[in-house]
Every structure is written in structure tokens, then in C-alpha cells.
Amino acid sequence: MAEALLEVRQLSRCFAAVDALKDVDFSLDAGEVHALIGPNGAGKTTFIHHVSGALQPDSGSVHFAGRDVTRLAMHQRVAAGMARSYQITNVFRGLTALDNVALAVQGRSDAGSSFRFWRPVRSERRLFDEAQDFLEQVGLADKAAIVAGQLSHGEQRALELAMALATKPQLLLLDEPMAGTGPEESARMVELIEHLARHVTILLVEHDMDAVFRLADRISVLVNGQLICTGTPEAVRNDTGVRRAYLGDHL
Amino acid sequence: MAFYRPTRWQRSLTIVLLTLLLGLPMLLNSLEQGFYIGFATRVLIFSLAATSLNLVLGFGGMVSLGHAAFFGAGAYIAAICQQAGLSEALLALPLAMLGAGLLALLIGAISLRTRGVYFIMITLAFAQMVYYLFISARAWGGDDGLPLSERMRFAGFSLVDDAALYYLALGALAVVMLLLGRLTEARFGRSIQAIRENETRMEALGYPVFTYRLVCFALGGAVAGLAGALLANLTGLASPALLQWTQSGTLLVMVIIGGVGYLYGGVVGAVVLLLLEEVLLGYFAHWHIVLGLLLLAIVLFAPKGVAALFGRPRG
Amino acid sequence: MTQLILEQALNGLQFGLMLFLLAAGLTLVFGIMDCINLAHGSLYMVGAYFVAAAAQAADSFWIGLGVGVAGAAVLGLLLELTLFRQLYRRDHLSQVLATFALILIANEAVRVIWGPAPLLLNPPEALAGPVELPLFGETFFYPAYRLLIIGVGLAVAGLLYLLVAKSRVGMWVRAGASNREMTEALGINVRWLFTAVFVFGAALCALAGGLLGPLLAVQVGMGESVLILAFVVIIIGGIGSIRGALVGSLIVGTVDTLGRALLPTLLRATLPGDAAATLGPALASILIYLLMAGILFFKPQGLFPARA
Amino acid sequence: MPSRLTALAAALLLAGAAHAADSIKVGFVSTLSGPGAGLGVDIRDGFNLGMKQLNGKLGGLPAEVLIADDQQSPDVAKQAADKFLKKDKVDFMTGIVFSNIMLAVGPAVFQNQTFYISANAGPSQYAGEQCNPFFFNVAWQNDNLHEAVGKYVQDKGFKNVVIVTPNYPGGKDAVSGFKRYYKGKVADEIYTKLGQLDYAAELAQIRATKPDALFFFLPGGMGINFVKQFVAAGLSRDTQLFAPGFSADEDVIKAVGAPMMGMFNSSHWAHDMENAENQRFVANFQKEYGRLPSLYASQGYDAALMMDAAVRDVKGNVADKKALQKALEAKRFKSVRGDFKFNTNHYPVQNYYLRVIGKDVQDRVTNKTMGTIFTNHADAYVASCKMK
């Protein structure tokens, strides 16, 4: 089986006597779209926080591209090739869409250090051209000059995706990209993720079952901080344990 | 928030002002008012100090209530250099900047681990610690501060004449404003402004947020050290009063009056405050009451400050 | 030697308890309203001036103290209703500027009303002398007035502890400190809770000002230096927690006093002459800041953080 | 907006340009707030009483006194002095209380060739190698009063003395002065912070060393608090208090009262001195301000008389610095403390008396002159002053 890009071993974390995550083992192969589903409060976002470095585990470890990144800060993991989007849209509302993505490009280690004090950024054409490409990839090419705060909710989700892509990640952590989007906006988002999946590995946390079953190569189910099963979409759909703990009897 | 962009006519206004200021000493001497050259130098120096705080507070988003520690440290380092026989400003000023910058690096490294109200109070407490350090060393003059026996020389030219020190201060302010103007529009400037707006998002884009803030804090400290060294030459005394937290409060007031996050916020704030003080002191001994009421009015009714009229943020 | 240690320990306790009177009000205003109040020192100063003026007018320390504390409470009420209600919603920068402006106004107003020279405030006649206690064979002298201060400090600490830990109002105060939004959601009239806390803080400041007046001097600007110590106390103790304020103030009080008293003699015994002379006072004065930095390194939220 | 600012500044300057040629301007910078305020206020009142008696004229010319409060900070004092020297172009300056402030302001005054008539601060530096033709002291050299107390404590045979003084130039002069004449054992030298008000820690230390005598030099509010706390701590029972005149004068007595009874101190002036000039001064001062004058007030008064005599001597031509210096050195005025003359370093050579605090005929707690410790006593630094 392809060498695992991301491996989480025995990850545990409790918040004041509440076991948010308990001995979670999880692995993600390069090129795969691996979905993580589970009822509200199962610990999905907490899990992503631990993978992205926003939170530190009580025990267990996180390995990325063969390296133990457990103790690395978030910005170091991003530099190592791991990018994330947020459950609640988190963009620079006062900046134009182009500036938002330009910041992401500027932050990349291969795009030169940002400790530059003399040359105005406006004169760095290459930076803005690259940012424009990423906007095109997410279908926001014509919205470059619009202030992010005035974009629609769906467009802001797409912008956040563009910013994550602009860091040229190997692994993309998507935290409920479809949250709060209307039917045709989520359809466009699914197409987008399908297109992205061709050249980046994706860990997808999502409630929208149609999107999950359409996009995911593999699915893991998290309930009360514990991973109860991992497998192909079909296997998970028929697994009795999942059915009882998560989907109830009607599925 | 948007990235700070100076308005079109701001550049031409600066050039006009600069030429006016170049002629000021001659004008003052012709009017036989030599005293006001020293006053003008004081305004230039406080503009420099307030601008250094504006870099930390306005662009870096860090509410530091201990900035006077670096301002005073610069003054003391200049006085100590002079006491040790080094009275060449070309060496002493960079030394003061280096010393104050390192002090800022040290205090920043600890303080920047905290956020919000804790950060405000810790910078306040550390500045008070620096105050006690300087006044308890008898070699540095204890409570009375450290006098400079005479003013330094700059590249051989004696600064004893007020106009000479005035031009040195004007030159220093002009250079710093030029560099700050470039910095805010360069990559570093955009990064710290973005960090000020949304720290977690920048961390998620791979920016080592702590390091950026620390560099910004240290740069602000270094420029404040330069202003302190110049002030020590003007007054001939590195006085402990410079290190007191009420001095940090005054610098903060200047930046807020002038306009937080505007390139000329520090300069305008210093000019307005010091001119107001000079004019009002003549007529109203308890002018601090007027200043206090003015500040309250600004907080309650005009939070954006005076300089908002100059560089409206673009977009 | 034991007498020296005992006397310095009592001095530390007295200084700590006075700091507690200041820190208690400050930490509640901070914890509940998340409002940084630089003018807390000015309340302490104005309170001391009220007490001194009233004591001179009524020619009695006790009446002066009562009138002074009441006056400061009224002033606190006025300030809270007019200015601080606007400030609670504002960002910390505006709070810093507005309260700094208050300091400027307070210092000048006091200079206008009572003049630049310090006011005279004598302790009550009965307590002017020392108290003699037989101890370890010799008689132990300790100023009676300072014992009074320790007594009042302990009484207020006890009262505050009961109020905050046991009473219903105290429960609201603690709830407000840990989560203000939730407290409002639970239908507690938070507006009046804020006012009550602010006024109570102002009264405590005046009490501290009045009690310390005879030991220090009732003069312009007396609030600024003690304000820093109050800040250090609530940083150490943890913002919003009365227990933190009490423990923090006792730590700062004893460490500062014992440091200032014993360190120079300690250093003189170990280091050569002049090094001890310069190092002693320097180390003593920055001792509490080193202590603060140390505590924060291990517990960034202070010893007893109200906000979990 | 900024263009209007520079216009405003220019207009302001023109207003200040006119400068009356034929009047005398005196720059009076003193400590009028903080713990040392009592001293500054007394010097100012004494000086103003002198001006009132000279009905506002110095040497026949109309005089203008500009007053500024230095808030006991060298920084503020320098700024005020700078403004008096450069903007108002004053002819004389006086009033500074503390030696650290005097040393900070001195250089600018001497460089500007303006005469400084010190009504209080007498730092050893300006008596010794840094003596300056433009500096005159009409009060004393800091060490003198301490020397007098040192001599008295030595004569009375005290063996184990503790010295308490603030950590500033005046304080260091006090210790060197006291030890110049007191040869016994000094149990401890305690340096407190200038402006410190709570002496609990120091008093506990003093109690541990059990001295038989305690010499303290703490001017103004500092002295008031120290004595009150010293008595409240019950130390006054077995330790005799000594102090120079300026820690045991009217300002401290008024605040502390009865506990000061029996305290010995030294001074070059006392309000019960018989000479006519002093009787008139004490009577007028009480009539004007309703309180007994302190020695600071007497020095402020003398400073005014001295300026008047010198200006009259040079017939108003204060521009001739050499002549004015000669006139000042000639000291053609009668001081309230009886006669004294200036030494080559412009410091006074005068008598120092012993005083004790007791009740006077009107049952007021005040100083009573007991005897003379030194006659025509010069300071110890004049040898190293090379002023011609």
C-alpha cells in the first residue's frame, strides 16, 4: 500500500475530565481523499486542530511525510506542506480577494522571506500573477479586486480554499467546506474538491453525506472521541456499529 | 482594516514641510527667539519616539505600556558612552539603538507570550523594572539621573549649538519616516499588519507570527533608543523620569491623538500635544485638566485621531 | 535577631494587606468588566485627600475616615455611571487612554483644590505610641497604628472572602468574572453588578488611602507608584480572583519588605563592600518583578485564574 | 492643517520678542510640590517678603520675579531654568532646595553667565573644585550644620551612633560632615530613597542595632514622617535624636509637635536672635503669613536683600559681570542672622549655634538657642577651589 503521508498513533486528549480524543489511530495515503465523519461533538474539529498543530495532545504522536511533527508549531507544519481551512470562514475581511491569496503566496518558504523592508509588495508582479492563478482555480478570477467582506458566503469559502492551495500543500485539511452553503454552491464546491483531489491529498471533515460518499476514497467514523471503523464508503455504509452509533436505523 | 496607503498629496505635503523646517532655525534666530530652536528639537525628538511606538502599536497591533523603557534606555546609554569618553554621536547613537533594541528583544521575548490585557500590564511592569535597575546603580547617578558633561560631536561637528542638534534630529526623523514608509509597504509591513488583523489565519498560512511581532517590537525599541539618545544630548541629562510609566502613557497619548496606524500619526500627535502644552502653559497653569478632557473627548467621539485626515486607508 | 524578623514580617503583612485593599477592587473591575483601569491609583489618592480633609475639618481621624470613604464611594458611582459604562464595550486601547486622561485630570484637580503641598494627616492620638508585648523574655515594641491597619486589613479580607465565596451577590461576582456573557444570559442585572463592584472598589481604595495617609503623605501623584504594585499583585494572583488578589498581595508585601530589609545585610555579609551596596538596593527593588516574571513563566494565567 | 500650525507658532514668537531693557528679572525655580514642598514654599515666602519690603524694586530698578515649580525633579528644573535663561533672559536665579537639582541646573546657568544666589542648596562640589564665579550661597555649605552636630555629639560623649540620610548628594555631604567632627563608632549608615516616606523597615533595623544616639538628615515631609514613626515605634525612649537645623525647624515642628521636645539640632539662624534686622523680619513674616519663619525663609529673605544691595552697588548696570561679581562679594547688606562674610568660594563663613526644641514663653513648641558651637566657621572644601 502506498507509503502513508499522514499517520496518527494513539492520539489522546482530554479537556478537564472529558475525553475529547481517546487512542485514535489514523492513517492517510498520498493522493487519497479520506473523509472523517461523526455526529456533532464527536471530536472531529479537535482532531484536525491536533493534526494542524493548533492543539497539543496529552499522548500519542502525529507523523507527516515520515517526520514526527507532534511538537512542531502550526506554522512549521504549514511550511512542511500541510494546509488547512476553517469550519467558520476565517479570511481577511478588509482585504481584497487578491491580497488575501497574495499573503498566502508571500508566506511560502520558496517564495522568498517576508523579512524584506524596502521593496514595495505592489511592485512584485510575479506574486500577484500567481495569486490570480489560484483564484482562477477556485472560480474567483473575476472577483480579485473585491474586498473579501463583500463576497458571498460560498465565495468566501472558495477564497479560503484558494488561500490554502496557495501554500502549495501536500496535504489539505478541509474542515466542513460545505457548512452553510446552499445546494448549488455546495455542488460547485464538490466539483472544486474533485478537481483539487487530482493533485493534492485531502482529509475531509464533512456532515453532507452526499458529498462525502461522492468524494471519499476511504471513510473513518469518529464517535465520542474514538475511531469505530475505517473503510471504503460501501463498507462503512453497511457497518452495523456505525449504523447504530451514528446513523440510527433509517439509513 | 486595509493595508495602510498614504494619500496622493501626502508626499508633496511632506516635501513642502521639510523645506519649511529646514529654514526654521534661521527664522527663529532672526526673531531673536533662540529658545524655540531647543523647543523645536524637543518636538522632533518626541515625534521620533511617538513614531517608534506607532510602529509597534499602530502597525504591529501591540498595546505596549512600557515603551518608555527603551526611550529612557537610549538616553542612559548615550550618557554612559559620554561618561566613558565616547562622545562621537556617529558611534553613540547606533550604540543606543542597539542597546535599546536588545532590551526590547529581551522584554518582547517574554511579554509576547501573553495576549491582551496581560501583555499591557507585563510591558508596564517590565518597564518599571528597567526604571529601578537604572536608578539603583550609583555609578549611573541613582535617583538624580546621569548628566552629560557636554554635548556630543557628530562626525566632528560640535552639537553644542542648538541649531546643529536641531538638524541632526530633523535628519534622524526624516530618515526614519522614509524607512518606515517603505517598511509598511514592503513584505514585512504587510505581514505585521495582517498579523495585527488576524493572527491565527496568518499562522495557518505558515507565518512564524511570534518572530514577526518580536522583530517589530525590537525595531520600535531601537528607534525609541535613538530618540532617547538625542534627548539626552538636548537636555544634557539622562533622567529617570524618562523611564517612568507615565512617560509611556504620554507617548501613547501622542500616537492616539495623532492617529493609530497612520504613518504620520506619531509626528502629528507629538506636534499637537507639545504645541498645546507650550501655548496653554502660558495662560493656564493647570492645563493638564484641559488635556485630560481633550483626551476623553477623543476616546469617546473621535477614536480615529487627528491624522485620520491625512492617510485614509485605501480600499 | 528574632525580634527583627518578627517586626519585618509584621511590616510585610501590613504592606501586603494594604495592597490587597487596592488589588481587590482592581481585579474585580478587570475580571468582570474586562476593563483596564489606570485611574485606580487616582481613586486611592482622591480617597486619601477626602479622608485627610474630613479629618482636619472634624478634628477626628475616625470621622475623617468614614466621611472620606463615603465620599470616594459617591465619586466612584458618578465616574462609573458617566464614563466607565461607555468604556466597558470599548477596546483596551481606548480604556488605557481614557483612564490615563483621568489620572491627568485627578492630579491637577487635587492640585487646584488642595494646593501642591502635601496634606497633614495624623494617626488617632490613642494609637500614636507603640504597643509593648512581652516576647521571648524581652518586651517587643510595635507601632499600635500599624497593628490597627493589620486588623482592618484582615477584617476586610475576611468580609470579602465571605461575601465572594458564600453570598449570592458573591456568586454573581464570581460568575461574572469567569464568563460575563453567560452571566448576562442568565438574567442577572449585570449593569448594576458592575456599578456595585466599581463603587465597592473605590471605597476600598479610599480606605487604603486613608489608613496609609499618616504613614506616607497625602500628596499629588501618590497613586501612580502604588498602582504598579497593585497590577503586579493581580498578575501574580490571576485576574478576576479575590483569592488570587489576597495571596498575591501577601506575597508581594512580604517579599518586597523582607527583600528591602534583609537583602542588603545578607549581601553585605557575602559580597565585598561596594558591590553589595549597589547590588543590594537594585536587587531589592526589582525582586517582585523577577518574582512576577517567574510565576508567569510557569502559570501564564496567574496562580488562581478566574477565567478557566 | 500643519501649515496653520507653523503660522500659529510664528505669531506666538513675535509676541515674546519685546524685552524690557531697564528692569531686573529674577528666575525663581524651587520645589513647590511633593515631600520637599514645605522648604520651597518657605524660601519663596521669605524672598517675596524681602521684595515687598523693597517695594518691588531691586537697587532702585523695578523687579519682576518669575516663579516655577520643579516638582523635586532635576528634569523639570532644567527645563524651567532653560526657559528663564534663554526665553526670559533673567539677570539672577535663585530658589533651588535640593543639591541634586542644583547640580543638574548649575552648568546651564554658569554657561549663560547668569548669577545664581543659592538660598539653600550648598553642594560640596561647588565649594570645592567645581566652584564658579557665578555661584553664590547665602545659606551654608551642606556639610556645615552636620559638622556642628557632629562636634556636639562628640563632646557629649555618645559612643554608638546610627546615621540615616537620603541617597543623594546632600545626603552624602551630611555623612562626611558629621564624621569630620564625630570620631566615635558609627554603628550603621542607612541610605534611604530620596522622597521615601515609610521607614518601617529602617526603624526595625535601627532597633536591632540599639544605638545610644541617632543622627538623621531628612528634609521636609521625609523628616516629618521619620520622627513620627520613630516615636510611634517606641525608639525615642532609649535613643537620643540629633539632626541638622533643616530637619528640626518650624515646618517639621508644626507637623509633629510635642514628640520633638528635647531634640538637639544645630543651625546658623534662630528666630529668637536679638539683632534688629532679625526682629523686624520675624515680626513682618508672622504678620504676612501667620506663622513663625523657618531658616529657609530667612535665607530667601537674605537672597532678596543681597540682590538689592549688589544692583544698587553697580547702579543698575547688571550687564557688567565683573563689577556685579565684585558687588556681590562685597556683601553690602545686613543679614538677619547677624554678620557673615563670603569665603573665596562664595560660601558664607559664619557662626553655628546649638538649639533645643522646647516650649517658649507663649507655650508654643519651638527652637530655643542654647549656645554657640562654631564661630566664623569656614567650609572644608575651600582649599581645592581655584577661583581667582
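The values are calculated or read from the model by the stated rules, or taken from the named source; none is laboratory data. Fair warning: this is a prediction, and the values are worked out from it, not measured in the lab. Don't worry about glycine lacking a Cβ; one is built from the backbone with ideal geometry, like all the others, and counts go over all protein chains shown. Calculation scope for accessible area: heavy atoms of the full protein, side chains included, ligands and nucleic acids excluded. Shrake-Rupley method; radii C 1.70, N 1.55, O 1.52, S 1.80 Å.
State whether the residues of the stretch D:104-122 include one that is more than 8 Å from every other protein chain (Cβ to nearest Cβ), touching a helix residue (DSSP H, G or I) at 6+ places or on another chain (Cβ under 6 Å), modelled with pLDDT under 90 and under 18 Å from B:Gln33 (Cβ atoms). Yes - at least one qualifying residue is present in the stretch D:104-122.
If you check D:Ala270, D:Ala248, D:Ala255, D:Ala174 for being closer than 21 Å to D:Phe374 by Cα and at pLDDT below 85, only one passes: D:Ala248. Any residue in the stretch B:27-36 that is under 22 Å from the mean Cα position of the chain (by Cα) and surrounded by fewer than 16 Cβ atoms within 10 Å (Cβ to Cβ)? Looking through the stretch B:27-36, none of the residues is under 22 Å from the mean Cα position of the chain (by Cα) and surrounded by fewer than 16 Cβ atoms within 10 Å (Cβ to Cβ). The numbered conditions (1) closer than 30 Å to C:Val255 by Cα; (2) open to solvent by 40 Å² or more (accessible area, probe 1.4 Å); (3) away from chain D (no Cβ under 14 Å); (4) not charged (D, E, K, R) are all true for C:Pro118 except (3).
For every residue, the table says whether it meets (1) buried (at least 21 other Cβ atoms within 10 Å of the Cβ); (2) at the interface with chain A (Cβ under 10 Å from one of its Cβ atoms); (3) at pLDDT 90 or above.
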| position | (1), (2), (3) |
| --- | --- |
| B:Leu178 | no, no, yes |
| B:Arg196 | no, no, yes |
| B:Tyr207 | yes, yes, yes |
| B:Phe210 | no, yes, yes |
| B:Phe217 | yes, no, yes |
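Can you tell me how many residues within the stretch C:247-267 are surrounded by fewer than 24 Cβ atoms within 10 Å (Cβ to Cβ) and closer than 18 Å to C:Leu163 by Cβ? Of the residues in that region, 1 qualify.
Beta carbons closer than 7 Å, at least 6 apart along the sequence or on distinct chains, pair a first residue in the stretch B:1-25 that is in a loop (DSSP other than H, G, I, E, B) with a second that is open to solvent by 50 Å² or more (accessible area, probe 1.4 Å) and of a type in the set (Lys, Arg) for B:Ala2/B:Arg314; B:Arg5/B:Arg314; B:Thr7/B:Arg312. D:Tyr347 fulfils the conditions (1) more than 21 Å from D:Met93 (Cα to Cα); (2) not assigned by TED's automatic domain parsing to the domain that holds D:Ala243 except for a single criterion, (1). For the stretch B:122-145, a tally of residues being at pLDDT below 85 and either open to solvent by less than 30 Å² (accessible area, probe 1.4 Å) or closer than 17 Å to B:Leu57 by Cα (or both) returns 7. If only residues of the stretch C:121-132 that are without any contact (Cβ under 8 Å) to a residue 24 or more places away in the chain and within 11 Å of chain D (Cβ to nearest Cβ) are counted, the one that is most open to solvent (accessible area, probe 1.4 Å) is C:Glu125. So, in the stretch A:202-228, exactly how many residues are touching a strand residue (DSSP E or B) at 6+ places or on another chain (Cβ under 7 Å) and touching a residue at least 60 places away in the same chain (Cβ under 8 Å)? Number of matching residues: 17.
Residues of the stretch B:58-80 that are over 18 Å from B:Asp144 (Cα atoms) and open to solvent by 10 Å² or more (accessible area, probe 1.4 Å): B:Gly61, B:Val63. From the list B:Ala174, B:Ala125, the one residue that fits, being assigned to a helix (DSSP H, G or I) and away from chain C (no Cβ under 14 Å), is B:Ala174.
As a summary of the residue check, A:Arg71 satisfies the conditions (1) within 7 Å of chain B (Cβ to nearest Cβ); (2) not in a helix (DSSP H, G or I) except for the one numbered (1). Given the criteria part of a helix (DSSP H, G or I) and open to solvent by 70 Å² or more (accessible area, probe 1.4 Å), does C:Glu184 qualify? For C:Glu184, the condition - part of a helix (DSSP H, G or I) and open to solvent by 70 Å² or more (accessible area, probe 1.4 Å) - is met. For A:Leu173, the conditions (1) in a helix (DSSP H, G or I); (2) within 12 Å of chain B (Cβ to nearest Cβ); (3) of a type in the set (A, V, I, L, M, F, W, C); (4) open to solvent by less than 10 Å² (accessible area, probe 1.4 Å) are fulfilled apart from (1). When we screen A:Val69, A:Val8, A:Val24, A:Val51 for residues that are in the same structural domain as A:Leu204 (by TED's automatic domain parsing), open to solvent by less than 30 Å² (accessible area, probe 1.4 Å) and over 27 Å from A:Arg237 (Cα atoms), the only hit is A:Val69. Show the residue pairs meeting these rules: Cβ distance below 7 Å; 6+ apart or different chains; first residue within the stretch D:246-260 and closer than 22 Å to D:Asp143 by Cα; second residue among the acidic types (Asp, Glu). The qualifying pairs are D:Asp251/D:Asp42.
Residue-by-condition table, conditions (1) touching a His at 6+ places or on another chain (Cβ under 9 Å); (2) closer than 15 Å to D:Asp302 by Cα; (3) aliphatic (A, V, I, L, M):
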{"site": "D:Asp22", "(1), (2), (3)": "no, no, no"}
{"site": "D:Lys25", "(1), (2), (3)": "no, no, no"}
{"site": "D:Leu32", "(1), (2), (3)": "no, no, yes"}
{"site": "D:Leu39", "(1), (2), (3)": "no, no, yes"}
{"site": "D:Asp42", "(1), (2), (3)": "no, yes, no"}
{"site": "D:Gln53", "(1), (2), (3)": "no, yes, no"}
{"site": "D:Asp69", "(1), (2), (3)": "no, no, no"}
{"site": "D:Gln72", "(1), (2), (3)": "no, no, no"}
{"site": "D:Asp82", "(1), (2), (3)": "no, no, no"}
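Within the stretch D:45-77, restricting attention to residues that are within 11 Å of chain B (Cβ to nearest Cβ) and assigned to a strand (DSSP E or B), the residue that is least open to solvent (accessible area, probe 1.4 Å) is D:Ala68. Any residue at all in the stretch D:78-87 that is more than 30 Å from B:Gly228 (Cα to Cα) and more than 14 Å from chain C (Cβ to nearest Cβ)? No - not one qualifying residue is present in the stretch D:78-87. Looking only at residues in the stretch B:111-121 that are assigned to a helix (DSSP H, G or I) and open to solvent by 20 Å² or more (accessible area, probe 1.4 Å), the one that is farthest from B:Val63 (Cα to Cα) is B:Tyr118. One residue is enough: does the stretch A:145-156 have a residue meeting the conditions outside any helix (DSSP H, G or I), open to solvent by 50 Å² or more (accessible area, probe 1.4 Å) and more than 26 Å from B:Leu183 (Cβ to Cβ)? Yes, the conditions are met somewhere in the stretch A:145-156. For the stretch C:76-113, filtered to residues that are open to solvent by 20 Å² or more (accessible area, probe 1.4 Å) and of a type in the set (Ser, Thr, Tyr), the residue that is farthest from the other protein chains (Cβ to nearest Cβ) is C:Tyr88.
The criterion of at least 2 residues that are farther than 30 Å from D:Asp82 by Cβ is met, among helices (runs of 4 or more DSSP H) falling completely within the stretch D:116-194, by D:143-155, D:169-181. Name the single residue that is farthest from the other protein chains (Cβ to nearest Cβ) among those in the stretch A:108-144 being small (Gly, Ala, Ser) and in a loop (DSSP other than H, G, I, E, B). Checking each candidate, the answer is A:Gly139. Which members of the stretch B:271-306 meet the condition of being more than 11 Å from chain C (Cβ to nearest Cβ), farther than 26 Å from B:Ala186 by Cα and touching a residue at least 12 places away in the same chain (Cβ under 8 Å)? Correct list: B:Val271, B:Val272, B:Leu273, B:Leu274, B:Leu275, B:Leu276, B:Glu277, B:Glu278.
Among the residues making up the stretch D:207-245, those that are part of a loop (DSSP other than H, G, I, E, B), open to solvent by 20 Å² or more (accessible area, probe 1.4 Å) and at pLDDT 85 or above are D:Lys210, D:Asp212.
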